[in-house]
1. Can you give me the long-range amide H partners of residue 22? Hydrogens built in the peptide plane at 1.01 Å from N, cutoff under 5 Å, separation of 5 or more residues or another chain.
2. Which ³J(HN,Hα) values in Hz, rounded to whole numbers, follow from the phi angles of region 20-30 under the Karplus curve 6.51 cos²θ - 1.76 cosθ + 1.60, where θ = phi - 60° and Gly and Pro get x?
3. Let me make sure I get this right: for region 1-58, a, b and c are the square roots of the gyration tensor eigenvalues over alpha carbons, sorted descending. Under 1.5 in a/c it's rounded, otherwise prolate if a/b > b/c, else oblate. Which is it?
4. Hey, with R₀ at 30 Å, roughly what FRET efficiency would residue 64 and residue 13 work out to, going by the Cβ-Cβ distance, to 0.05?
5. So for 80, 41, fewest C-beta neighbours within 10 Å to most, what's the order?
6. With a Cα-only, solvent-free Debye model of the chain, what are the log10 I(q)/I(0) values at q = 0.12, 0.14, 0.15, 0.18 Å⁻¹?
7. Taking every DSSP beta bridge that has both residues in the chain, what percent is antiparallel when rounded to the nearest 5?
8. Picking from 58, 13, 48, which is most flexible by a Gaussian network model of the chain using Cα springs under 10 Å?
Amino acid sequence: MKLIVTDRDGREHILEALEGWRVMEVIRDWGVPMKAECGGSGICGTCHVHVDPDWVGHLHDPNDDELDQLDQLADADETSRLSCQILMSDELDGLRVKLGAEAADSDEAKAA
C-alpha cells in the first residue's frame with residue numbers, strides 16, 4: 001500500500017506502507033524529516049500532518065488527547081492530525097498528507 005507525503009519543501013514522496021504501521025513510522029522509516037519527539041505517544045505534536053481533504057472522512061475521529069495537542073499548534077486546521085495516531089490499513093491505501101510546521105516554527109508563530 002502507498003502513503004503519499006508532501007514534505008515542507010513541497011516535494012512529494014510516494015512511500016510503501018505496511019498494514020498496522022503508524023503514518024509517523026512510515027514517514028520516518030523512509031527518511032522524510034519529521035521530529036516525532038515522543039515516538040508515537042501522541043503527547044508532543046511534532047508529527048503533525050495536514051490530511052488531504054478527500055481523505056479526512058476516511059480516518060477515525062481524533063481522541064481528546066490528540067485534540068488537545070492539535071489545539072496547541074499554530075498551523076493546525078480542520079485537516080490536522082497527529083500522524084502517530086493514524087494506522088495504515090487497506091482502506092487508507094493512497095492516503096495523502098502534508099507535513100505540518102515543525103514544533104519550533106509553531107512556537108515562533110505563537111509568539112509573533
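Rule-based calculations on the coordinates, nothing more; no lab input. Bear in mind the structure is a predicted one, so any value in this text is a computation, not a measurement. As a convention, Cβ positions derive from the backbone with ideal geometry for all residues, glycine included, and neighbour counts pool all protein chains shown.
1. 88
2. With coefficients 6.51, -1.76 and 1.60, one gets x, 7, 6, 3, 4, 5, 4, 4, 5, 5, 8 Hz.
3. Working: a/c = 1.26, a/b = 1.21, b/c = 1.04.
The shape class here is rounded.
4. Details: r = 31 Å, r/R0 = 1.03.
Working from the Cβ atoms, E equals 0.45.
5. On the way: 80 21, 41 12.
The order, fewest Cβ neighbours first, is 41, 80.
6. Relative scattering, expressed as log10 I(q)/I(0), comes to -0.35, -0.49, -0.56, -0.83.
7. Values: 12 of 16 bridges.
Of all bridge pairs located within the chain, approximately 75 percent are antiparallel.
8. So, out of 58, 13, 48, the one fluctuating most is 58.
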